[in-house]
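Inspection log for the structure reproduced underneath, given as structure tokens.
The values are calculated or read from the model by the stated rules, or taken from the named source; none is laboratory data. Just so you know, these numbers come straight off a predicted model, no measurement behind them. Note that each Cβ is placed from the backbone with ideal geometry, even for glycine, and that neighbours are counted across all protein chains shown.
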Amino acid sequence: MTSMVSVGPHAVEASAPASPRFHSILFRDPTDEPTGAISPVGHFADLRLDDILAALAGVAHSDALTRHFTTPLRDATAVAYRHEVFTDLAHADVLAAIKKFSDAMDARHQVLEQVQRARHRLQQQSLSLELLATYADAARTLASDLQALHLGSTALRSLRAALEDLVHSPTFIASAATLATLQNAGSAVRYTVRIQGSRVIVSRYDGQGDHGAEVRSIFARFRHDTPGATPGVSSDSLRVDAVESRILDGVAVLHPELFAARDAFLAGPDGRMDPLITRLHHELPFYLSWLGLIRPLQHAGLTFCLPQVTENTSEISVEDGFDLALALATVPTGAAVVCNSFRLSGPEQIVVVTGPNNGGKTTFARMVGQLFHLVGLGVPVPGRSARLTLPDVVFTHFEQEEGAPTLTGRFLDELQRVHTILREATRDSVVILNESFSSTNLRDAVTVATEVMETLLERGCVGVYVTFMDELAALDDRSVSMVPRVVPQDPATRTFILDRAPADGRAHAWAIAQKYGLTRESLLARMRP
């Protein structure tokens with residue numbers, strides 16, 4: 001068995017205590033669950049988290065996926081609860097069992113759609129019974145599969161115990177037996193149909209020959225079935241014309257007790273799925289879609305890890321991280337993805353990134369912001385290793401190309417947006433600033449940015465500030481300077497790798513040259529014939 005993610009020190013040992021009562025595979029405690037409607041998440045667009053969510057929905061659509069992806073956890077124990085599940089799912093046999101159950105329940109949705117399309121009540125009745133049979137089979141199969149597996153996570157161990165209780169309960173066993181009896185009785189119904197003009201006469205079967213089989217045999221040579229095709233229930237097969245409807249009505253009249261019993265079964269408590277199975281089916285896409293999303297990137301050589309969660313902001317580090325949204329767009333093209341590392345130790349709180357444009361600065365800022373959002377989801381994050389805090393909020397301020405028509409208007413807009421961040425940020429917040437205050441002159445920009453930095457540092461915030469103002473990189477020992485790596489033989493070559501190094505004092509010059517088309521690349525392009 002191969003591990004799909006690196007396993008941190010939180011992994012549960014085989015000697016873990018007996019599992020508590022099962023509640024959820026996502027939430028260790030009901031109090032961890034979000035309540036109320038999903039509010040707009042301001043940093044999603046800046047960090048391209050919306051692109052990641054869209055890619056997740058493409059892997060496994062689920063109505064609950066958006067809620068889970070937009071509401072990070074704030075408790076390290078709650079995060080570890082999910083880490084344990086991902087650790088179990090790193091084993092192929094565990095993943096296969098969970099995936100088999102999920103696929104069976106997804107097939108159930110196809111039957112549900114057929115129930116909704118069915119025109120006659122007997123069709124709906126039969127398909128509804130099939131729906132319940134699918135659910136019961138999936139529950140029994142998963143219970144059996146999990147019994148044969150070594151599980152370390154509290155969630156899956158609790159689930160296994162709960163499933164065992166469910167499928168061996170007298171209620172479940174009796175319900176499954178009644179369901180099978182009703183389905184078999186329906187399949188055993190035989191009748192004859194005689195059509196005389198506009199009259200449709202349905203009678204009990206009394207050993208007459210099957211003329212339908214004779215007709216099918218005669219015309220069998222004209223059929224053009226696709227080899228290997230699996231027959232399904234099409235929309236056309238669910239349509240019932242007037243004659244077919246009258247036939248079904250006649251069958252119901254011939255067997256009133258059977259169809260009344262089926263109706264009563266569906267209307268009673270046995271006609272509903274157990275909440276355990278319903279919840280499990282709704283929550284599994286969180287794990288399966290994330291694993292499906294990152295698998296192609298892993299095959300391309302990129303690494304993911306289960307980050308260590310720390311409360312100490314002086315122990316933050318990431319090794320070989322990358323912008324996940326960019327990787328999802330880049331890997332399918334065959335292009336390489338550049339990884340970056342960073343750390344904050346001791347008094348360090350904010351990484352100040354300076355240097356020429358198009359050097360990977362904004363991508364680095366997005367990477368850091370994404371990591372601090374993803375750590376709260378309890379998922380494997382981009383990187384060979386990571387140690388991160390759980391932020392209460394990730395705030396972002398990215399330069400907006402559109403909006404106010406004048407530089408003065410843009411500067412005022414930036415001031416208002418940053419003021420909102422300063423008003424709401426706490427010591428547990430992460431703040432990502434990208435080219436903030438680049439719309440005003442250097443003197444004013446340095447003055448305002450310095451005040452913003454000092455406020456964030458005093459507040460205890462962690463973050464990244466991408467800027468052309470080299471002065472911020474050496475503000476005090478709480479700020480860390482990082483710059484794009486330069487190839488000595490060709491300084492114009494972009495490596496997109498950032499290193500800890502002092503600002504070289506030319507960031508503002510680079511920004512001005514870029515703005516007015518005076519960079520080496522721009523000048524050479526204009527000189528070409």
Hey, Ala445 hits all of (1) part of a loop (DSSP other than H, G, I, E, B); (2) modelled with pLDDT under 90 but one; which does it fall short on?
-> (1)
Taking the stretch 241-278 and keeping only residues that are outside any helix (DSSP H, G or I) and under 14 Å from Leu131 (Cα atoms), one is left with Arg272, Met273, Asp274
Which of the residues that make up the stretch 174-207 are surrounded by 12 or more Cβ atoms within 10 Å (Cβ to Cβ) and closer than 17 Å to Glu130 by Cα?
-> Ser175, Ala176, Thr178, Leu179, Ala180, Thr181, Leu182, Gln183, Ala185, Gly186, Val189
Looking for whichever is surrounded by fewer than 23 Cβ atoms within 10 Å (Cβ to Cβ), charged (D, E, K, R), modelled with pLDDT of 90 or more and within 29 Å of Gly359 (Cβ to Cβ) here; the options are Arg423, Arg417, Arg427. Which one fits?
-> Arg417
Give Asp165, Asp137 a once-over and let me know the one that is assigned by TED's automatic domain parsing to the domain that holds Glu257, within 16 Å of Arg272 (Cα to Cα), of a type in the set (Asp, Glu) and surrounded by fewer than 15 Cβ atoms within 10 Å (Cβ to Cβ).
-> Asp137
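For every residue, the table says whether it meets (1) modelled with pLDDT of 90 or more; (2) in contact with a strand residue (DSSP E or B) (Cβ under 7 Å, 6 or more places away or on another chain); (3) within 18 Å of Val253 (Cβ to Cβ).
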position	(1), (2), (3)
Ser169	yes, no, no
Ile173	yes, no, no
Ala176	yes, no, no
Ser187	no, no, no
Arg190	no, no, yes
Ser203	no, yes, yes
Glu214	no, no, no
Scan of the stretch 286-325 for residues that are of a type in the set (D, E, K, R) and under 18 Å from Asn340 (Cβ atoms), ordered by number = Glu319, Asp320, Asp323
Taking interchain pairs and intrachain pairs at least six residues apart, which have beta carbon atoms under 7 angstrom, with the first residue in the stretch 281-305 and under 30 Å from Ala136 (Cα atoms) and part of a helix (DSSP H, G or I) and the second at pLDDT below 95 and among the β-branched types (Val, Ile, Thr)?
-> Ser289/Val59; Gly292/Val59; Leu293/Val59
Here, helices (runs of 4 or more DSSP H) confined to the stretch 62-159 with at least 1 residues that are under 30 Å from Phe372 (Cα atoms) and modelled with pLDDT under 95 are 65-70, 92-117
If only one of Val487, Val462 is at pLDDT below 95 and in the same structural domain as Leu415 (by TED's automatic domain parsing), which one is it?
-> Val487
For the stretch 125-170, the count of residues that are hydroxyl-bearing (Ser, Thr, Tyr) and without any contact (Cβ under 8 Å) to a residue 40 or more places away in the chain equals 3
